[in-house]
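Presented below is the structure to which this report refers.
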There are 2 protein chains.
Amino acid sequence: MEVTRTNFNELLDDISNAIKQASFIAFDAEFTGLEDTKQGHALPFDTPEERYTKLRKGSLDFLVLQFGLCTFKYDNKKKRHIAQPFNFYVFPKPYSRQAPDRRFMCQSSSIDFLVSQGFDFNKVFCEGIPYLTPTQENTLKDTIEQKHLLHAQFSSPAFTSPHGQDIGPNKGPIAIPDDQKSFINGIVDQISIFMEKSEEESLNLPVCNGFQRKLIYQTVRNKFSAVHLEAKKGEKKDRYICVTKISGEEEMKMREGAKQAAERAEIDDAVGFSKVVRMLSQSGKLLVGHNMLLDVMHTINQFHFPLPEEYEDFKSMTKCIFPKLVDTKLMAQTHPFKDHIPVSVLGDLHKTLSFKPFELAEVEFPKGYTNYNDNDKYHEAGYDAFVTGLCFASMKNFLGSFQKPPKDFVSPSSPLVEPFMNKLFLMRNFEVPYMNLNGADLTANRDHVFHMTFPKDWKSNDISNLFSAHGNVQIFWLDDTTALVALYKKENSKSAYDDLQVQKSNFTIQKYKDFLSSSNGEKNK
Amino acid sequence: MEVTRTNFNELLDDISNAIKQASFIAFDAEFTGLEDTKQGHALPFDTPEERYTKLRKGSLDFLVLQFGLCTFKYDNKKKRHIAQPFNFYVFPKPYSRQAPDRRFMCQSSSIDFLVSQGFDFNKVFCEGIPYLTPTQENTLKDTIEQKHLLHAQFSSPAFTSPHGQDIGPNKGPIAIPDDQKSFINGIVDQISIFMEKSEEESLNLPVCNGFQRKLIYQTVRNKFSAVHLEAKKGEKKDRYICVTKISGEEEMKMREGAKQAAERAEIDDAVGFSKVVRMLSQSGKLLVGHNMLLDVMHTINQFHFPLPEEYEDFKSMTKCIFPKLVDTKLMAQTHPFKDHIPVSVLGDLHKTLSFKPFELAEVEFPKGYTNYNDNDKYHEAGYDAFVTGLCFASMKNFLGSFQKPPKDFVSPSSPLVEPFMNKLFLMRNFEVPYMNLNGADLTANRDHVFHMTFPKDWKSNDISNLFSAHGNVQIFWLDDTTALVALYKKENSKSAYDDLQVQKSNFTIQKYKDFLSSSNGEKNK
Ligand SMILES: Nc1nc2c(ncn2[C@@H]2O[C@H](COP(=O)(O)OP(=O)(O)O)[C@@H](O)[C@H]2O)c(=O)[nH]1
Ligand SMILES: Nc1nc2c(ncn2[C@@H]2O[C@H](COP(=O)(O)OP(=O)(O)O)[C@@H](O)[C@H]2O)c(=O)[nH]1
């Protein structure tokens, strides 16, 4: 189901019901970019904490443009899942002058990738659903309520009292400046004639600026009791005041009330997609993603709260917002799956799970929902969410085959799934495959890793030759003149280091942990 | 004429000719955003230098997505201009793994504005013309040349000598690691069979990684003389080597030469739209823009050189790249135009110039070019460039009406245009209407301007009431608790300041120049 600002409100109940009835929910997001390398590349030897810090600084300025959600509920009789996939287009169109006008980053290669997959940028920019974080929503609500209060005050008798000025600078009317007097008098005359002679219901005053509108409000409210004023926008977005005849105080209140209610409803609309994320959070349901760390970070940051600086705070915030997360990429790379799954890229995983020893879970789609069984649309977030959920359903069932007696169906809340709970896959990381939201992270020894600097014309084989007496190495280039080098044979760490320490002439070698502490020192400067 | 990567190379000669024949050229650009407010808002009291610094820090991360160019040449017989408008879509698609993968900023409201004007983002992202600055181009060329040198070396006899290792780590072949030996032997066998028995012209080796490809290159070159190797990309962008039978050394050189030429041509293609900007610069022609400061800054920064930190360097760089610039918005707001032109927004200016005392210049379009006379497409860069040029043509002719005897036609190089030369309009700036590239900038007295801080609940009238004894004020909010306040009656500057100095309880007041020096101090921390 494609969801844009056009049909979002209409579908909100369906979405809410689908979430409530789900036994688990899969999701996926598409971004305007992945990594701003100014912040330092992710490295294979990063601790989970270092990785978090780099992603937080280097990835959050990119934007989620598409959010795929697929709810799965199990039909016990038919022995199959009912899946409801939603493909949301989201975009922070500033809905009013007070609303935040977000700046965001794009990465050319990501944009290029998305268009090559048929992503429709015109649609997302035109019809994307807006959103506000709770903080943005509250700020806007406060602004509106203060404005309403202020206007109530302006139209109250206290305001029109000649002693108004004594109450303090905030309370009194503004003196009409000399150069505005004839303009305001003209307006008053125009309204007098309209009230006495015109048969029209309403009168549009000439376009004027905010200060002039303010003067008009205070003067007219003071002089006429049977009129209602409302700012309107003309064709060219220029603003003017519309004057309407009313029967009296009663109708005035009603009209003011209606106007204020409309303003509140406008903010409610602007909360938009954040409502879905709030529902997800409040449901407490199991959320499944594939390689989901960035998705989780963006979802919280864009729709909930700015991510905290401290890694431990991020862990507790995430557990609080999404208490149950499972990452299918981590599952695929872990026992007992890993031996049967050569490549864990989503498309390959899907294929692998279609054959023995696995059995793809059966899925059915209610009417009105895209039948993704027959429609391969990789990199459409809704489809990717569906495939992720399908892979999860199939993999968890596979865990049942080791039971005695074997079970066909494993519930998502089964203890068999527990070992995978709240562990988020870490991309390209050596020996620390996941971030553990449930407690302390794994640690890994990095004694076999060195940081090297060397002349600009060096190539990979210059480096490998240096180490040749100590076995093969893996090289991770940092830039033209620096690299991290890891020995395959860890037992040679000490001998290699001692050897090269002596040899060094046009290069330097440093233990990885010494490099980290010195470069952290630099960063904190 | 719409120009995308599809027809760009084809049109390059036409564009070059149009530029060469032009008597002046108008241009306009569309950006992904205008201002990153993190860097501090542009203020009405900014000096040109302060404005430059703010724009440089706050605007250059946005991207030019569309560049409109319209050349005008005068047909003396027909007494009208021939205009050739080009509407270029540009996008920095990374053309290879070595090419820069640009990160850029977008502003939601600008994106929203562009889609509301019908801007086609899918088209620009898919078919945008790429570009490289001269520095990027040179870096890429160096990389390629170094690679070619290296490969030449690898296939030379020196390389295959057993003493290769003595020449230094960079020069020798890599030892084949144990775990790669059987893979490489397999490849050698495969090629032997292919060379002896196969009737096919070429053989595709299995997909393998860069290190394996390197080993294959060095081994195969060493063992076979009648083969040519070339890396190719498979469907899924995975890389494999294609082996072709060749007649001998001669054909080998030819094929290598062809491959290298293709790689050089690829870079030349990637220079793309920068070629047009280089032509513009080299033409030395008069360039006309409407409110062109940001356009000029972006054009230089995106296609030529990163803008310098120092304002004076920017001025000289700009004069060197674009020696003759005229801004129609500045003209419209300057004597003798200003009295006849109430609104200088491009569309309004165009309308105003269609009536007495002005006379719209006549323009004709060659075949194949959009007839913009009948097609109002505001905010398409090509159209805006055309209208800008049209307004310039009409305004310069108007200057002729004051001559004795009056002249219908004024040449763009006439001394009458000279007073407007190299002065770039400054938006929303008080009393310093332009940046002067020809010399020192105007200065303005800011003694009547104050910086104030106050409690969060203050509104504009709290501030104006404070100053009421000294006349009206204009207020420029900086944030919730600070504002700049300017007196209308400059002669009251001293009395107002002295008065409020004494009164102040819950607010502070500071002279603008003191505020600047203290806040500059903060920024430089
Ligand atoms: N005195 C008074 N001022 C108002 C009232 N409504 C709006 N204003 C002020 O008048 C100015 C123009 O408001 P409006 O025409 O609604 O357009 P806005 O600029 O979009 O808020 C703002 O400074 C408002 O705070 C009102 O009922 N009474
Ligand atoms: N010895 C040798 N190495 C090459 C040659 N061509 C490319 N290489 C190296 O082999 C590796 C793979 O190159 P290639 O297959 O062209 O793919 P690339 O990764 O896109 O450069 C790179 O490290 C190249 O520098 C060659 O002719 N001889």
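Tell me the relative contact order for chain A as a rounded percent, counting alpha carbon contacts under 8 Å between residues six or more apart.
Values: 786 pairs, mean separation 91.0, N = 525.
RCO, chain A: 17 percent.
If we count every other residue with Cβ under 13 angstrom of A:ASN7's Cβ, Lys/Arg +1 and Asp/Glu -1, where does the sum land?
Numbers: positive: A:ARG5, A:LYS123; negative: A:GLU2, A:GLU10, A:ASP13, A:ASP14, A:GLU127.
Summing Lys/Arg as +1 and Asp/Glu as -1 gives -3.
Could you compute how much accessible area chains B and A hide from each other, both sides summed, with a 1.4 Å probe? Nearest 100 Å² is fine. All intermediate terms of the calculation are to be shown ahead of the outcome.
Numbers: alone 27060 and 27030 Å², together 50350 Å².
The summed interface area works out to 3700 Å².
Express in whole angstrom the spacing between the alpha-carbon centres of segment B:277-305 and segment A:441-485.
Their Cα centres are 45 Å away from one another.
Put simply, what bits of segment B:59-103 lose 40 Å² or more of accessible area when the other protein chains are there, versus the chain on its own (1.4 Å probe)?
Those are B:ASP101, B:ARG103, which lose 40 Å² or more relative to the chain on its own.
What is segment A:1-113 by shape, rounded, prolate or oblate, if you read a ≥ b ≥ c off the alpha carbon gyration tensor as root eigenvalues and call it rounded for a/c under 1.5, prolate for a/b larger than b/c, and oblate otherwise?
Taking the square roots of the gyration eigenvalues as a ≥ b ≥ c, segment A:1-113 is oblate.
Averaged per residue, what accessible surface does the protein assembly as shown expose to a 1.4 Å probe, in Å²?
Details: 50350 Å² over 1050 residues.
In whole numbers, the protein assembly as shown has 48 Å² accessible per residue.
By the scheme Lys and Arg +1, Asp and Glu -1, what is the net charge of all other residues having a beta-carbon under 14 Å from that of A:GLY368?
Numbers: positive: A:LYS367; negative: A:GLU2, A:GLU10, A:ASP13, A:ASP14, A:GLU364.
It works out to a net charge of -4.
What do you get for Rg/Rh of segment A:247-321 when both radii come from the Cα atoms and Rh is the Kirkwood radius?
Details: Rg = 19.5 Å, Rh = 15.3 Å.
Reported Rg/Rh, Kirkwood definition of Rh: 1.27.
Once ligands and nucleic acids are excluded and a 1.4 Å probe is used, how much of B:CYS320 is accessible, expressed in Å² to the nearest 10?
100
Can you give the mean number of other chain Cβ atoms that lie within 10 Å of the Cβ atoms in peptide B:459-470? It would help to have the intermediate numbers written out before the result.
Numbers: counts 6, 4, 10, 6, 1, 5, 9, 1, 0, 5, 0, 0.
Across B:459-470, the average partner-chain Cβ count within 10 Å equals 4.
Would you list the membrane-span-like helices of chain B, meaning whole DSSP H runs whose alpha-carbon atoms span at least 18 Å along their axis and whose mean Kyte-Doolittle value is at least 0.0?
Numbers: long enough: B:8-21 (19 Å, -0.32); B:134-154 (30 Å, -1.04); B:178-197 (29 Å, -0.23); B:210-223 (20 Å, -1.03); B:249-271 (33 Å, -1.18); B:381-400 (29 Å, 0.76).
In chain B, the long hydrophobic H runs are B:381-400.
Please list the non-local residues whose amide H lies under 5 Å from the amide H of A:VAL3, H modeled 1.01 Å from N, same-chain partners needing a gap of 5 or more.
A:ASN87, A:PHE88, A:TYR89
Considering all alpha-carbon pairs of the protein assembly as shown, what whole percent are spaced by more than 41 angstrom? Before the final figure, lay out each step's value.
Values: 311581 of 550725 pairs.
Of the Cα pairs, 57 percent sit more than 41 Å apart.
With a 1.4 Å probe and all protein chains kept in place, how much accessible area does B:ILE184 have, in Å² rounded to the nearest 10?
About 10 Å², ignoring ligands and nucleic acids.
Give the cross-link partners of B:LYS259 among the lysines, using a straight C-alpha distance below 20 Å as the criterion and excluding same-chain residues fewer than 8 apart.
B:LYS141, B:LYS147, B:LYS214, B:LYS232, B:LYS233, B:LYS237, B:LYS245
Checking the cross-link filter: which aspartates and glutamates have an alpha carbon closer than 14 Å to that of A:LYS253, excluding same-chain neighbours under 8 positions apart?
A:GLU230
Placing unit charges on C-beta atoms (Lys and Arg positive, Asp and Glu negative, everything else neutral), compute the dipole magnitude of the protein assembly as shown about its Cα centre in debye, rounded to 20.
On the way: 128 positive and 136 negative charges, 88 e Å.
Once rounded to the nearest 20, the dipole reads 420 debye.
Listed here are the pairs B:LYS20/B:LYS324; A:LYS93/B:LYS377; B:LYS78/B:LYS404; A:LYS324/A:LYS356; which of them are more than 18 Å apart at the Cα? Please list the in-between numbers first.
On the way: B:LYS20/B:LYS324 15 Å; A:LYS93/B:LYS377 23 Å; B:LYS78/B:LYS404 24 Å; A:LYS324/A:LYS356 29 Å.
Violating the 18 Å limit, Cα to Cα: A:LYS93/B:LYS377; B:LYS78/B:LYS404; A:LYS324/A:LYS356.
What is the percent carbon and sulfur in the accessible area of segment B:449-523, measuring with a 1.4 Å probe over the protein chains and ignoring ligands?
Numbers: 1950 of 3890 Å².
About 50 percent, which is the carbon plus sulfur part of the accessible surface.
Would you mind computing the Rg to Rh ratio of chain A from its alpha-carbon coordinates, Kirkwood style for Rh? Kindly include the intermediate steps, with their values, before the conclusion.
Numbers: Rg = 31.1 Å, Rh = 27.8 Å.
So for chain A, dividing Rg by the Kirkwood Rh gives 1.12.
Share of segment B:32-75's accessible area from carbon and sulfur, percent, 1.4 Å? Working shown, then result.
Working: 720 of 1430 Å².
Here it works out to 50 percent.
So what's the Cα pair-distance distribution over segment A:312-369, bin width 5 Å, in %?
Whole-percent P(r) values from 0 Å outward: 4, 15, 18, 16, 12, 16, 13, 6, 1.
With no solvent and one equal point scatterer per Cα, compute the Debye intensity ratio I(q)/I(0) for segment B:449-523 at 0.14, 0.28 Å⁻¹ and report its log10, rounded to two decimals.
Results for segment B:449-523 at q = 0.14, 0.28 Å⁻¹ read -0.40, -1.54.
Ignoring everything but the protein chains, give the 1.4 Å probe accessible area of A:SER225 in square angstrom, nearest 10.
90
For the protein assembly as shown, what is the mean residue ellipticity at 222 nm derived from helices alone (per DSSP H run of n ≥ 4: -39500 (n - 2.57); sum divided by total residues; nearest 500 deg cm²/dmol)?
Numbers: 36 runs with 436 residues, N = 1050.
It lands at -13000 deg cm²/dmol.
How are the Cα pair distances of segment A:54-121 distributed, in percent, across 10 Å bins from 0?
Binned Cα distances yield the sequence 15, 31, 29, 16, 8, 0.
Would you please give the residues with an amide H less than 5 Å from that of A:ARG80, counting only those at least 5 places away or on a separate chain, with H modeled from the backbone geometry?
So A:ARG80 has HN proximity to A:ASP75.
The values are calculated or read from the model by the stated rules, or taken from the named source; none is laboratory data. Quantities reported herein were computed from a predicted structural model and do not represent experimental measurements. Heads up, the Cβs are rebuilt from the backbone with ideal geometry, glycines too, and the neighbour counts pull from every protein chain shown. Accessible surface is based on the protein model in full, side chains and every heavy atom, while ligands, DNA and RNA are left aside. Shrake-Rupley method; radii C 1.70, N 1.55, O 1.52, S 1.80 Å.
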